[in-house]
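Enquirer: I have a structure I would like to understand better, so I am pasting it below and will then ask my questions one at a time.
The values are calculated or read from the model by the stated rules, or taken from the named source; none is laboratory data. The structure displayed is predicted, hence computed values, not measured ones. When we count neighbours, we look across all protein chains shown, and the Cβ atoms used for this are built from the backbone with ideal geometry, even at glycine.
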Amino acid sequence: MKGFSHFMSGVAVASFGPWAIEAARNGNPLFFILGGACGILPDTIDFKFYRFFYKHDVYVEPDPQAPDPQYVADEVARTIALAVDEKRYIRLKLSSIRLGADFWQQYAVTFDNDKLEVAVKFGPVVNTGQVPVEGTENRYPTVARAKIKAKVIQTYDAALKVDIFDGPTIGFNPLPNGDLDLEFLPWHREWSHSLTVGAILGVLVGAVAWLASGWAMAWQCFVTIAACYGVHVVEDQLGHMGSNIFYPITKLRTPGLHWMHSGDGLPNFLTVWISCLLIFWNLYRGQPNMTYHFTFLHLMMVGLVVPGLAFGALRWLLNRGQRVEVAAGDDADDEWNESKAAG
Amino acid sequence: MSPFWIVLLSVSAGTVLSSVLACLPGLHVYNVMGAMVLGILALEETAFAIPSDVFLPAMTGMIVGWAMLNTIPAVLLGTPDESAMFTVLPGQKYLMAGRGFEGTMITAVGGLAGAFFLVCVVAPCAPRYLPVSQQVLKGHMHWVLWIIITFMLMSEWPKGGNRGVAGWAKFYDAWKTLLAGLATFFLAGMLGFILLTRSPVSHEVAFQNIMPAFVGLFAIPWCLLNMISAADVPKQKPAKSLAINGDVILRSVWSGGLGGGIAAYFPIVTGGVGGMLAGHATAQRDERIFIMGQGVSKFIYYVGAFMLLFVPGLNLTRGGGAWMIKALYTPAGKTDYYMILGSIAVASAISYLMMEPLTRVVLRFIDRYNYRHVSTVALAIIIVMVVAVTGWTGLFIALVGTGIGLLPVLFGSRRLNCLGILLLPIACNMSGFGEVITGWLGLT
Amino acid sequence: MTEMKEALPGHETQSHEMNCPKCGRFVGAVTKCPYCGSKVEKRMSLIGLRWAAILLATIGLFLLFLMAKHRDVPVVMLGNIQPTMNFGQIRVIGQVETDARPFRTGTGMSFNVSDGTGKIIVFVSKKQMDALTESNLVPKAGDAIDFVGSLNISDEQSSMRLLSVKELHLTRAPAAAVRLADVTTAMKGTAITIAGKVLDVFPPPADSKRPYALKIKDDSGEQTINFWQAEYDQIADKDMLNGAWVRARVEVSTYQNKLQLKLGSGLDLEVLEEPPAAVETKTPAQKAAAAYRQETAPPRDFSRGRSVPATSLSVGAVTVDQAGQTVRVRGRVESVSPPQEGTRQPYAVMLADGEASLRVSYWSNVNEVITVKPTPGALFEMEGVVEVYRDKPQLKVQSGYKVRLVDDTPASAPAVDITQAVAVSSIALADKGQVRVVRGTLGAPRALRGGVVYPLTDETGTIDLVLWESIIPGEVLGALEEGAQIAATGEVGEYEGQLQLKAVPGYSAMVIP
């Protein structure tokens, strides 16, 4: 899921703690800040800290002056050969190509297991909004190819597309049958995306809170942090990539439930909106002296069902007779791209 | 003359006036409205006293006209500076692609869609549901500001560290932009604490306390960068079609309405912050939707905030326009509400119709005059305005604001961080520990 | 494989300084090429701008901070305040007009200040309120005050927010030393100093909302001082009170028409090491003078810095011919009709003076500003514009500051006639709109916006008793508590399918001893 969805989910989870509402009413925003921050923290750890310290075996850094797809294809093939020959996990970094203040050269890497080839195609120049610059689509019509030593197995449909800001990391893991398992962004959703780390963080902050304010503050901080951090892990599990749920007990990511892609617009918006409604409901329950009264069902009808139906009906009216294409989402790629594009 | 014609003429006059003023870069409608408020107060007990039937629709028209048309200078006179810019706003991309006219007109359609949304959807529901939400959220606004600050600071993407081997050097390269953003936010916050606690500006003009700082944070850096920029505006092509359909409008209203709504309803949250949150919540990546959504968001933010003052039973003052009106008039009941809604509808139609001719006039203007010279003139006007209203002290504040406002542009972070000037001190004050911080600083 | 390419759109206008001079690659704003490590020269204007930005943002900000820190906040007369001063920080030197009253929500308090040229309400945050309470600086009527605050000017409710507790200087109003026997209800509203020997301290019963009672005695007689737990906790030698000689500064008030001495702060009670010097006995003439409450002319009202001259009139003197004129009228409140919930009707108050009566109306936002709300029987002075309503004169009050309590002792406090009491179970939906008297025990209260609901139980059943603050005097509301035996007169109503009794305006509820 996207950062804002995780953030709002964290705030919503925090609002279920009566102590959070009580503290907020007394001017203390701590628990809500903790909720939001811990909701987004696993991705923050990965995207803003861990990835800069993640060591790679091969760096592919195309020259912006002379972007050469064959160089990229050869380097990817060399990396695969390294993984096959040395029978070890090899990490490859595909760097972005910056052409100007707002111009980036896009390129894509695909594997053809039937022909045992890697294909690299340089696409259009895109701006920082990832929108192609008009007239640049066919600057590099040639597809560069290089032979690879083993089949590359992709467990999910991640398109290895490189464009703005930072490029992705790919991990090649040799399998017993000689194939290579491709891991997209191996530094992502690793140890940081685990319930145990959330709990440990809760204990650490709780200990500080205990020293500063006593036992009540300690357990309230622990519950808030562990629950809000945990909800991030649980939400990510609804997608394809999954998370390393009980690190260090588990060493690998547990595949997700495939219910959604992390970049899908509707689930993300619904998560944010339902979080807002849950927060509103919890604040209502904690607000004394209310002269207005409503039920949870009433709130959901007024806040979600009726506007949703109205929006759907209006959209149907405006789009009838037209074909509306909805781009298929891609879990890791979307999360990675959305984070970058959001700036 | 019947009240109908008085209101109609007043709203039309206000809209036309602000539509023309909106084309002048660097001038904010609230500065003009502030001067008008002073005039109205001066005439209040004379034979020339201006009745509320005249000034309310006129000011509504001014806000609507400005919300709709200030896109023109924002797009057509806001050329990006390649020398230092890391990111370029979509509106400016349209300008650099020779499609400035298209960019402004798409925004105008967004503004009109925002007017429909406000008058036809929000206005009928507001008297029923907003007092409820107001009662539920009473006492909770402070932490809403805190989580907005938290998200704003946590969601900025590190723009460096894209090449080279892993390690501290790469980490530092990435975090340079984030640190610049954090520094901007906290320096702006400190400036806010100073101005809100013990402003050096004379108390006689305290209502413009923050104005020099805002001019420094946003307007002067824009003029300076335009002046030193090496870029030229390419020849602009008029568009035959805007290539938008109902779905684009609907999705723009969805994202822009959410962003503008957040900004209008929550205190201190500006249109920029609301737009950022809505962008994250709805993730509309289409540039047309982004630009049109900005039109919707801006309209809802300025006009919606003003409208809240008149919602029966709500008694909520949001935005500079509403605060100014509050010094003149206390809204009473549905009569005022319907008058304001009618004024918004009429003003939206007039300002939309004025969009195309005024855009063409400005395009002819930038075709004839170098926009760097236009920026120089705008900078001179801004400085004269600051000195005239707040004196040399105000100019000093504007200079300090300029220093802070240039940091994100020159060091590649979000300009939104400049809003720390209000977000940080007011969130602290609302949570009740603002005085502790000003006490540490020795200001109180 | 490299293919030839044309210049990218937009690149034709891009400055060459953005590319590395050695390798030609785009490097942006950096001064060292990340590709080849060469130094990238930038334009002087850009370098200058960078340094100027850093210096202005740091040193400039520091200088601005020093400037602000050492700035003296200007003293401004309230009558000279102009709308252009909105949000400004000013110093006010004046006198506290009303005791600081905590908000019902407990989030702060407010008090009124006058400086002879005008008056204004001052809001105090919760943290500031706690700090003021702790240091015994809670403003009381009559205290001289010097404080710094920020202005919030609006058409209806101009106010100030206290900026800092440190910059609030309070000089207590002189409190005359009075013998216990000389304390009378005529001194109501004044602060006095009394001294004597503590006979006993009566803490409130557990789970009770009653205050502490401290009984003291001097040569002339006995009195009881009341205070709450918070004040008790502040008393320095509270464990040694029994039998000790004490001196206290108290406020004289009444409760159910009986004399009450209220201790504002525990710090106002001092345990003495020896008996206090005797207070000089007053002559009958002095007593009469002390009892006489001099009516001073009210200071000019502050309203957006402008003053509107008002003529003081009796209720009967207001006529339709005065339409458009601003007048000040004094009369007893006959009735108060708040707007019905969900409507935007104004408040309607009937002022009476003998046979004559006058309708006064104002909006809810005006009502919110009124410090002491009009209640039936109380004498009020109101200022507003004369309008014509149904061919009769009506006073339209524009500002809450212009509604002032003169005397809250009702001319004839209506008591509840217990003999008319009916059984709760006898009240039915058919009685809707009828007035009924009930007696019973109050249950746990539920707060409403602007009122309170108590379940009232007698032997036959329970009914909700609704008491609106705007129509029921504060002392009546203050006397009610959970478990109290009361009698009440109210109108039968219905809310969400439940029967309720809406207490009628005035003294319509009373505790049965």
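Enquirer: Search segment B:150-186 for residues being more than 10 Å from chain A (Cβ to nearest Cβ), crowded, with 23+ Cβ neighbours inside 10 Å and not β-branched (Val, Ile, Thr), and hand back the single one that is nearest to B:Ala398 (Cα to Cα).
Expert: The extreme case among them is B:Phe185.
Enquirer: Turning to a different aspect of this structure: Right, A:Ile249: loosely packed, with under 14 Cβ neighbours inside 10 Å, hydrophobic (A, V, I, L, M, F, W, C) and in contact (Cβ under 8 Å) with a residue 40 or more places away in the chain or not?
Expert: yes
Enquirer: Any idea how many residues of segment A:185-205 are out of contact with any Gly (no Cβ under 8 Å at 6 or more places or on another chain) and modelled with pLDDT under 90?
Expert: Of the residues in segment A:185-205, 4 are out of contact with any Gly (no Cβ under 8 Å at 6 or more places or on another chain) and modelled with pLDDT under 90.
Enquirer: Moving on. Would you mind finding the one in B:Ile366, B:Ile426, B:Ile350 that is among the β-branched types (Val, Ile, Thr) and under 19 Å from the mean Cα position of the chain (by Cα)?
Expert: So the residue among B:Ile366, B:Ile426, B:Ile350 that is among the β-branched types (Val, Ile, Thr) and under 19 Å from the mean Cα position of the chain (by Cα) is B:Ile426.
Enquirer: With the condition kept exactly as written, say whether any residue in segment B:109-127 is small (Gly, Ala, Ser) and facing chain C (nearest Cβ under 10 Å). Even if it seems obvious, please write down each step before you answer.
Expert: Looking only at segment B:109-127, we keep the residues that are small (Gly, Ala, Ser), and these are B:110-111, B:113-115, B:123, B:126.
Now drop any that are not facing chain C (nearest Cβ under 10 Å), which leaves none.
No, segment B:109-127 contains no residue that is small (Gly, Ala, Ser) and facing chain C (nearest Cβ under 10 Å).
Enquirer: A further question on this structure: Which of (1) over 18 Å from A:Ala83 (Cα atoms); (2) in contact (Cβ under 8 Å) with a residue 60 or more places away in the chain; (3) away from every other protein chain (no Cβ under 14 Å) is the odd one out, the single condition A:Leu180 does not satisfy?
Expert: (1) is the only condition that A:Leu180 fails.
Enquirer: List the strands (runs of 3 or more DSSP E) that sit entirely inside segment C:21-133 and contain at least 1 residues that are without any contact (Cβ under 8 Å) to a residue 40 or more places away in the chain and more than 10 Å from every other protein chain (Cβ to nearest Cβ). Break it down into steps so the answer makes sense when it comes.
Expert: On the way: elements: C:89-96, C:108-114, C:119-125.
Qualifying strands (runs of 3 or more DSSP E): C:108-114, C:119-125.
Enquirer: Given C:Asp417, C:Asp464, which one is modelled with pLDDT of 75 or more, charged (D, E, K, R) and surrounded by fewer than 13 Cβ atoms within 10 Å (Cβ to Cβ)?
Expert: Testing whether each residue is modelled with pLDDT of 75 or more, charged (D, E, K, R) and surrounded by fewer than 13 Cβ atoms within 10 Å (Cβ to Cβ) leaves just C:Asp417.
Enquirer: Restricting to segment A:1-46, and then to whatever is more than 9 Å from chain B (Cβ to nearest Cβ) and among the β-branched types (Val, Ile, Thr), can you tell me which residue is surrounded by the most Cβ atoms within 10 Å (Cβ to Cβ)?
Expert: Residue satisfying both the conditions and the ranking: A:Val13.
Enquirer: Right, here's the next one. Please tell me if B:Val64 is modelled with pLDDT of 85 or more and buried (at least 24 other Cβ atoms within 10 Å of the Cβ).
Expert: Yes: the conditions hold for B:Val64.
Enquirer: Follow-up question, since we're still on this one. Looking at segment B:203-243, which of its residues are touching a Phe, Trp or Tyr at 6+ places or on another chain (Cβ under 9 Å) and surrounded by fewer than 21 Cβ atoms within 10 Å (Cβ to Cβ)?
Expert: Hits for segment B:203-243 are B:Asp232, B:Val233, B:Lys237, B:Pro238, B:Ala239.
Enquirer: In this structure, is A:Asp63 among the acidic types (Asp, Glu) and part of a helix (DSSP H, G or I)?
Expert: No.
Enquirer: Name the single residue, out of those in segment B:384-412 being in contact (Cβ under 8 Å) with a residue 24 or more places away in the chain and more than 14 Å from chain C (Cβ to nearest Cβ), that is farthest from B:Trp157 (Cα to Cα).
Expert: It comes out as B:Met385.
Enquirer: Within segment A:48-63, can one find any residue that is modelled with pLDDT of 95 or more, out of contact with any strand residue (DSSP E or B) (no Cβ under 8 Å at 6 or more places or on another chain) and facing another protein chain (nearest Cβ under 7 Å)?
Expert: For segment A:48-63, residues modelled with pLDDT of 95 or more, out of contact with any strand residue (DSSP E or B) (no Cβ under 8 Å at 6 or more places or on another chain) and facing another protein chain (nearest Cβ under 7 Å): absent.
Enquirer: Let me ask something additional. Hey, any hits in segment A:299-307 for a residue that's at pLDDT below 85, outside the structural domain of A:Ser96 (by TED's automatic domain parsing) and more than 28 Å from B:Met154 (Cβ to Cβ)?
Expert: No, there is no match, as no residue in segment A:299-307 is at pLDDT below 85, outside the structural domain of A:Ser96 (by TED's automatic domain parsing) and more than 28 Å from B:Met154 (Cβ to Cβ).
Enquirer: Could you tell me whether A:Thr110 is surrounded by fewer than 22 Cβ atoms within 10 Å (Cβ to Cβ), at pLDDT 85 or above, within 24 Å of the chain's Cα centre (by Cα) and assigned by TED's automatic domain parsing to the domain that holds A:Asp179?
Expert: Considered against the rule, which asks whether it is surrounded by fewer than 22 Cβ atoms within 10 Å (Cβ to Cβ), at pLDDT 85 or above, within 24 Å of the chain's Cα centre (by Cα) and assigned by TED's automatic domain parsing to the domain that holds A:Asp179, A:Thr110 comes out as yes.
Enquirer: Restricting to segment B:375-396, give me the number of residues that are surrounded by 23 or more Cβ atoms within 10 Å (Cβ to Cβ) and more than 20 Å from the chain's Cα centre (by Cα).
Expert: 2
Enquirer: Return the residue satisfying two criteria in turn: it lies in segment C:228-272 and is touching a helix residue (DSSP H, G or I) at 6+ places or on another chain (Cβ under 7 Å) and of a type in the set (Ser, Thr, Tyr), and of such residues it is modelled with the highest pLDDT.
Expert: Among residues in segment C:228-272 that are touching a helix residue (DSSP H, G or I) at 6+ places or on another chain (Cβ under 7 Å) and of a type in the set (Ser, Thr, Tyr), the one modelled with the highest pLDDT is C:Tyr232.
Enquirer: Additional query: Any idea which residue in segment A:139-179 is modelled with the highest pLDDT, counting only those that are surrounded by fewer than 17 Cβ atoms within 10 Å (Cβ to Cβ) and in contact with a Pro (Cβ under 8 Å, 6 or more places away or on another chain)?
Expert: So the residue we want is A:Val143.
Enquirer: While we're here: Of all residues in segment B:312-352, which are within 11 Å of chain C (Cβ to nearest Cβ) and of a type in the set (Val, Ile, Thr)?
Expert: Those that are within 11 Å of chain C (Cβ to nearest Cβ) and of a type in the set (Val, Ile, Thr): B:Thr317, B:Ile325, B:Thr330, B:Thr335.
Enquirer: On to the next question. Please work out if C:Gly490 is part of a loop (DSSP other than H, G, I, E, B), outside the structural domain of C:Val372 (by TED's automatic domain parsing) and surrounded by 17 or more Cβ atoms within 10 Å (Cβ to Cβ).
Expert: no
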